[in-house]
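To start, the structure itself, in structure tokens.
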Amino acid sequence: MITARNLTKRFGRLIALDSVDLEIDEGLTLILGPNGGGKSTFLNLCAGLYRPSKGEIKVLGENPWSNDGLRKRIGVSFDPPALPKHRTAREWLNYLARVKGLGEREVREAAELFSAVKYLDRKMGEYSAGMLKRISLTQAFLGKPELVLLDEPLANLDLEGIKEVAGVIGELAQKGTNMVVISHIWRPLGEFADRIVVIAAGRVVLTGTPEEVVPEIEGI
């Protein structure tokens, strides 16, 4: 799914990722680490928002940087959500659907996953943080993409919302949806993961199955 070789990203003097070598296979990969450790930078490189300062990254065999063809094959949910506040969610999701060659049926199917259908026709500037998160997740799963990238999918949700969204992600993982999920805590998403990667201080410090990694990260 994803291959990184000597992947480095600098922002001025700050080294956000430092010579990362990593291979991510099919299934659900949970990327953990402290805030500022580099995990969201890695996701943004996968999504093609950043260009590596050094090294390379391949997503589904392609260079993701400014790659419109690849963007049609993947789904992304950022944190905080990157959504146009003066548009309704339906307008925004229908636009994304057209770009991907999809229709309104696919929009409704994705919105139903995250209980978002009831407020699709409100402008997103009126949404709570939790509602914005649900629309961001809806856009990520629109049209059943080959790979879904999720940055902190449980952020800004109440306890019931966390339980609901984590359950949906778990069900989709069991059905074979390929996902890379960024989180600063391993519960509850670690229960569904095929593998866990820990990124801290810009480097991969641990990788393996949940059974191998969780005993080492109880403090994360």
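Quick note: the coordinates plus some simple rules give every number you see, no bench work behind them. For clarity, every value in this text was computed on a predicted model and none was experimentally measured. Here Cβ is always computed from backbone atoms with ideal geometry, including for glycine, and neighbour counts include all displayed protein chains.
Things worth noting here:
- Residues of the range 199-216 with amide N under 16 Å of a point placed 7 Å along Cα→Cβ from residue 54: 202-204
- For the chain, with +1 on Lys and Arg beta carbons and -1 on Asp and Glu, the positive-most of 186, 60, 81 along the dipole: 81
- Span from the the range 57-126 Cα centroid across to the the range 193-208 one, whole angstrom: 28 Å
- Relative contact order for the chain, counting Cα pairs under 8 Å that sit 6 or more residues apart, in percent: 28 percent
- Lysines whose Cα lies under 18 Å from that of residue 58, excluding same-chain neighbours fewer than 8 positions away: 9, 39, 72
- The local environment of residue 51, defined by Cβ-Cβ distances under 12 Å, has a net charge of +2 under the rule Lys, Arg +1 and Asp, Glu -1.
- Residue range of the chain that is longest and free of trypsin sites (Lys or Arg not before Pro) which are both DSSP loop and sparsely packed (at most 16 other C-beta within 10 Å): 14-71
- Ratio of Rg to Rh over the range 29-113 (Cα coordinates, Kirkwood Rh, two decimals): 1.01
- Calculated on the alpha-carbon coordinates, the convex hull of the range 84-145 measures out at 67 cubic angstrom per residue.
- Dividing the summed helix terms, -39500 (n - 2.57) for each DSSP H run of n ≥ 4, by the number of residues in the chain produces a 222 nm estimate of -8500 deg cm²/dmol to the nearest 500.
- Were the residues from residue 25 through residue 194 laid out at 0.36 nm apart, the gain over their Cα-Cα distance would be 59.9 nm.
- Set of lysines near residue 123 by C-alpha distance (under 20 Å), chain-local residues within fewer than 8 positions excluded: 85, 133
- Most mobile of 209, 177, 138 in a GNM of the chain (Cα contacts under 10 Å): 209
- Note on the range 84-145: with charges restricted to the Cβ of Lys and Arg (+1) and Asp and Glu (-1), its dipole about the Cα centre is near 120 debye.
- Once the Cα-Cα distance is subtracted from the 0.36 nm per residue extended length, the residue 115 to residue 11 segment shows a gain of 33.7 nm.
- Rg/Rg_globular for the chain, with Rg_globular taken as 2.2 N^0.38 Å and Rg from C-alpha atoms: 0.98
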